[in-house]
Every structure is written in structure tokens, then in C-alpha cells.
Amino acid sequence: MKNNLLRLFLTLLIYCSSESVIAQIPTDAYATTSATITNGRTACTYFVELPDTVSISEIEIKLGTREGINDLVTHVFAFDVYTGLPSGFSYSRDKNKLRLEVGNVNESPIYFGEVKLKSNTGNWDAPFKFTTN
């Protein structure tokens, strides 16, 4: 009887904790631009290292020329959806590392970016922010 109650308690504890899982902040993220610039525009690729690949449903990326604005790119990628992306965009994943091509952006001496993850339960976590040039 005691063992059955303990098993039931542990099962409920595991179930409840799995229901409250929230997205996590990426362990690393950055954007790179190509060396080839055409008419003031350059190809841009995001690299994102995920903390896990089990609980994520969406990845939101933003890129701007000043901190706090996203005047260059804003897009939400569905996790592991490789088709139906805007022209110039692509999605690829190798284990927990994403490569997100986001088309051509205006050339800037410095870029301010962020990445947010959304969990399968619908919760967005705080963004991972970075600055690059």
C-alpha cells in the first residue's frame, strides 16, 4: 500500500513538472553577414545553439541596426519546419544547432539581435540578446 502511494505521488510529481516546462534561453546565438555586399545589402545567417530539442515549438529572431529595434529582420520559425519559408529564408538543424538564413539585410557597421524560444506549452522565455559587427 505504501509503495503504491509513493509510486502514485512520484507519477503525479513527474506529470505536473512536465506540464509546467517552459522554454529555455538559447545557450548561444549570433548572426553573420556575407562578405559580398550588393547595393548596400548583405546575406544574413543566424546560428542558434539550443539548450534542448524536446520542448521547443517556435524560434523568434529579430535583428536591428540599434539596440531595442528590429528594423532589419523579424521572423518566427516553427521548430523543425523546413518548408513554406519566405523567399531567401532557410532552416536547417544539426542536433541542437540551428542555421537560419534570413535573406538580405541592409548593411550596417553593427547589428543588434535577439532570439526567443517558445515551449510546447505556449510560453515564451526571455530573449537571448547579442551585438555583432
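Of all residues being touching a residue at least 60 places away in the same chain (Cβ under 8 Å) and among the β-branched types (Val, Ile, Thr) in segment 103-133, which is nearest to Leu50 (Cα to Cα)? Just the residue, please.
Val115
Considering only residues that are over 11 Å from the mean Cα position of the chain (by Cα) and aromatic (Phe, Trp, Tyr), look in segment 110-133 and name the one that is farthest from Thr74 (Cα to Cα).
Filtering segment 110-133 for residues that are over 11 Å from the mean Cα position of the chain (by Cα) and aromatic (Phe, Trp, Tyr), the one farthest from Thr74 (Cα to Cα) comes out as Phe130.
Do we have Asn133 as at pLDDT below 95 and either of a type in the set (A, V, I, L, M) or under 14 Å from Thr32 (Cα atoms) (or both) here? Can you show your working first?
Numbers: at pLDDT below 95: yes; either of a type in the set (A, V, I, L, M) or under 14 Å from Thr32 (Cα atoms) (or both): yes.
Criteria met by Asn133.
If I filter segment 72-81 for residues that are among the aromatic types (Phe, Trp, Tyr) and over 14 Å from Pro26 (Cβ atoms), do I get at least one hit?
no
Of all the residues that make up segment 27-48, how many are more than 14 Å from Val73 (Cα to Cα) and either at pLDDT 90 or above or not in a strand (DSSP E or B) (or both)?
Within segment 27-48, residues that are more than 14 Å from Val73 (Cα to Cα) and either at pLDDT 90 or above or not in a strand (DSSP E or B) (or both) number 5.
Output the number of residues of segment 31-77 satisfying the condition of being over 10 Å from the mean Cα position of the chain (by Cα), over 20 Å from Thr132 (Cα atoms) and of a type outside the set (Val, Ile, Thr).
Residues that pass the stated criteria total 4.
What's the total number of residues in segment 49-86 that are β-branched (Val, Ile, Thr) and not in a loop (DSSP other than H, G, I, E, B)?
Residues that pass the stated criteria total 6.
The values are calculated or read from the model by the stated rules, or taken from the named source; none is laboratory data. If you're wondering where the values come from, they're calculated on a predicted model, not measured in any experiment. Cβ coordinates were reconstructed from backbone atoms using ideal geometry, including for glycine residues, and neighbour counts include every protein chain displayed.
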